[in-house]
Structure formats: structure tokens, C-alpha cells
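Here the structure comes first, spelled out in C-alpha cells, and everything after it is commentary.
The values are calculated or read from the model by the stated rules, or taken from the named source; none is laboratory data. A quick note: this is a predicted structure, and the numbers were derived from the prediction, not measured. Here Cβ is always computed from backbone atoms with ideal geometry, including for glycine, and neighbour counts include all displayed protein chains. To get the accessible areas, we keep the full protein, side chains included, count just its heavy atoms, and leave off ligands, DNA and RNA. Shrake-Rupley method; radii C 1.70, N 1.55, O 1.52, S 1.80 Å.
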Amino acid sequence: MPTETPSSRYSPVDTRVEEHVATSAVPKVKDAANDEDGYINKMKHFLTTATLANNSSKTKPSKNCNYSCTILFILGFILSLFLTIFIWFTDLYTNELFKRLTIQNGSLLYDSWKEPPVRPLLCVYIFNYTNVNEFMNGDHPKLKVQEVGPYCYRETLYRVNITDHHNGSQTFNEMKVQEYAYDASKGKDDDIIIVPDIPYISAIALTIDENFLVRNAMTSVLNHVSNFPFVTVSVHDFCFGYQDSVIRTLAGMAKFANKPVPFEKFGLLTKRIGVNPDRLTVTNGLDDLNQMGQVIQLNGKSMLHPWSTDECNSVGGSDGMFFPRLKIQQGETIHLFHKDSCRKLPMTFLAKEKIENGVIGHRYSLSVTTFNNSIPENKCYCTSTPCMPDGIFDMGKCSTRSPVVVSRAHFLYSDPSLLDAVEGLSPDPNKHEFLWLIDPILGITMETQMRIQLNIQVRNPHNYGTLSRIPDNTILPFTWLEIKTGGVSPKLSMFLFHLTFTLHWFQTFLMCLSLVGLLGTSFCLMRMLNRRLNKNIVIISNEVQLKDRHTEKIPIC
């Protein structure tokens, strides 16, 4: 039995390992030359991977920055687009601004409307009759007048008893306070004048439609009290009221007949003292800014009834403070509501005028044909047959059937026969024209020269009393009034300046800013999108090239 040597039982070297090494070493030596390209490809792959990883780690903050910038540019583009549409293609900006310029309670203009800061100057020019005795005795063929004055009063206007309505209108009374303006007057209010006796002439006129007995009784009573159709009074009494035997007699006769007393005292301006009982309703501009300040009711009525057509009876026109601004801007005819005449007075555009602070106003004047009864649109105001001569308006049917008629000062633009009735009148458009200056932005009155003449028509067809010495239907002028406002308050003037210029330039600035912002953000967005698109194209191209190179180096077995 053979014996095993120690070497055969145990060997510290594993022959299998040697065999493995030997067998594996052969291919290494065999492929050493061919593995050079594979090693290079692995190194390139390692370096490329490392480089891409390094680049990706470096570009992470840049991507976040690009993302934030893109969001900001998109928001800027949307904001610029909205602002451009808002400013360039809509009136929302202007409308929202002017909504705060209404006369509703709490608005910017409400206090100025409630208590106007500008105090008008009311000037009274009186026709003093200088040859009354000579005319009544038959020595002179015509009455002669001499214009005296002006006697001016500074008026303060308050709108009181204001009621706000849900339909965008307000109802109120007007309260006026007068103060004699010595600096603007010529003469004193205690000057003595001779004027037609308005109550006496009116009382005779009211008896025309009565029967013979009533007319005879009335005339007898009045002739017993006074047989002279002119009265001598002071300027103050003539303006603010006087009482004589004729007035007391008329009051007693009215009470005896159980009729309302026409007046306790007669005065030219008595209706302008204190709170006027007439209630005016005007729109406040909340629903339609263009209609702000337009009269829609007088004493709760939108239709009056003294005239023959609905068009003439309808209440409308401005209360004198605000006019339709769109009509002003386009130079269209506007209307002023004169409640004492129960009618609308048309005013036509004359020209544009530059006033203080460079603000442009639109000058309007009373239409030349306003008091012409011969034109078709004024036929409804004809109250007698035949109609009155052109140039005068009978307002008797609006009030107490008094024969008081209105005209332009000195019968400007009137029928020549009116000038022939008396001596001493000389119409002059520069002195007697009815003018109005209006701001076209707000339609607010900036300056007025409202000139209206009051006359009395002698109506005595039955030739009663001493009034028979004056031919029937003679028009006797006794005064003309001028209401002047010399301009707007400094606060309102600066406000109009900002609306005219500052607002215009600010709006132009916003228009340019919105356009620049829209173009700028659009350009930046397009450029960013273009760069991002080019970058994506480069990355895709590099990946394709790397993939192609890697594919080419793979050994084919």
C-alpha cells in the first residue's frame, strides 16, 4: 500500500488557482492589443458623464433664474396688455373719473353745488320816465326814458331743503340773500325814480274779460284811489317792495271776492328774497353724467300747461350751473330753463375763448329768434290774436296773468315798432347781449352775462281812466336786469386746469407707458423663448452625437 507523502496531503498553494490564473492570463495577453480602444472609450464616457454632471449642477440656479424671469415677463405682458386696452380702446378710465364729479351727496362737487362759492352780481338798470306830466297833458307825443343805474346787489345762493331720490335726482328750494354792492353801483338805492305803476296797469288789464259792470266798478275804485298810471318811488322800494293805496285797495278787493291776495307789497326783486317756494328737481349725474344738472320737474310736474303744445310745456334744460358736456364739446344748441317764464331758452354756440390758467371755454348766446313769435317753433307761445311783435315774450300765462312781458335789453333784435313807442332806447350788442361761458370738460358755468328786460303792456281796449291817454297794447319798458358772474372760484379754476391739462398729459403718459411696456415685454418674451428653443436644439444635438459615437465603438461579436 503506497504511503502518501506530506506534499501530496497538503499544499499551501491551491493548484486550481494557479490553473485559473494560468488559463485567465492567456486571454489577457492575447487581447491586450485590442483592448486599447475600449479603454479609451470608457475614459471618454467617464469624462463626458462627469462633465455633464458638472454642467448640470452649475446650470440649476440659472434655470431657476430663467424661470422666475419668464414668470415676471409674462405678468408684465398681461398687465401692459390690460392697461393698453383700458387706456387706448375704452372710456372706462374717463367714466370712472367723472363718476366722482357728480352732484350727489358726498361727491367732489356736491358742496360747490349746494353753496356755490361764486356770488353773482345782480345789477338793476331802471328806465326813469322824464316827461310823464308833459305826455299826460298832451304836450309831448312820446314818453321819454333815461336809463339810471346800475344798482347792484351781491347775491349769495343756497340750495336748501334738499331731497335725494333713488332715481338719480334731487329736489330742492333756492334761497338767495342780497347785499347792496356800493363799489359796482352808480348811484344810491335811495334815489327817486318815476316808473309805470305796475299794480295799477295790471289791475286794469285783468278786467278785459269781465262784464261791463265789473269793469266799470273796478275802474271807478282804482280811479278814486289813483288816477295816474305812473308812480314815484325810491330805488330800494321799487326793488324790494312798497305799499301804496292802489296795492292796499287791490288786496282788499281780493279778500272781499274770497280770492288769494296777489301781493302784500309790490317789488321787482321780492321773489328773489329768502327761500323761493318753487321746488326744482334736477338729475345728479349718477346715471348719466351728460344730464347732470338738467331740470326734470317743477313743483313735482314734468309737464306744465300754459302753452298750446307738449313740446313747449315740457320741463327741461339746465338750472344754470351745469349743461350737457357732450353738446358743449360738439357746439350744439343747449337750453336754459327759466321757471318764471315756464319755458326753455335756447342758446347757440358762438366761439371758443381762453380764460385764466389757459382753460378754454365755449361762449354761448341766447338765440336771436328766442322771442320771435313769427317762427313755427314759437307759435305755441302766442297768447293773443294777433301775436305780439317779434322780440317780446308774454309770461303772463305762466304766473298771475299779469301783462308783464320780457325781451332783450333795450329791445335788442326786436321789432322796430317797439323802439318807436318811447324815446331814449339804444340797443347795443356789446352791452345788451345775453352771454354764457361754459367749460366743455364738466359742462359747468364759468361766466354769465344774463341780460333780460321787463316791460309792461298797456291793455285798456275800453279806454277807462287816465290810462286811456296811452295807446292800447303799448309796451312800456321799466327795467332790465344783468346777472354777472366774473369767473369761477380759485379752487374750481385750479380743478378745471387739472382736468384740462394735468389729466390730459397724465393720460397721454399712461398711454405711452402702456404701449412701451407691451412692446418691451413682448420683445423680451420672444427673445427668451427663442434662446430657450435654440438651447434645447443644441442639447438634443449633442445627445444625438454622443449616442452615435458610443454606438460606433461597441465591438461586434
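Listing for the model above:
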| read-out | value |
| --- | --- |
| Contour excess over end-to-end distance, with Cα ends at LEU525 and ALA351 and 0.36 nm allotted per residue | 57.5 nm |
| Pairs beyond 21 Å (Cα-Cα), from LYS114/LYS339; LYS176/LYS265; LYS327/LYS379; LYS354/LYS484 | LYS327/LYS379 |
| Amide H contacts under 5 Å for ILE194, placed H, 5+ residues apart | TYR129 |
| Using θ = phi - 60° and Karplus 6.51 cos²θ - 1.76 cosθ + 1.60, couplings along region 235-243 (whole Hz; Gly, Pro as x) | 4, 4, 5, 5, 7, 10, x, 9, 10 |
| Among 124-131, 106-113, the order from most to least packed when residues are scored by Cβ within 10 Å on average | 124-131, 106-113 |
| Potential extension, ILE483-ASP190 segment - 0.36 nm per residue separation minus Cα distance | 103.4 nm |
| Region 244-249 - phi-based ³J(HN,Hα) in whole Hz, Karplus 6.51/-1.76/1.60, Gly and Pro as x | 10, 5, 5, 5, 5, 5 |
| Residues whose placed amide H lies under 5 Å from that of VAL405, excluding near-sequence neighbours | ASN455, ILE456, GLN457 |
| Per-residue SASA entry for SER414, accessible area with 1.4 Å probe, Å² rounded to 10 | 20 Å² |
| Portion, in percent, of the accessible area of region 97-249 that falls on carbon or sulfur, probe 1.4 Å | 48 percent |
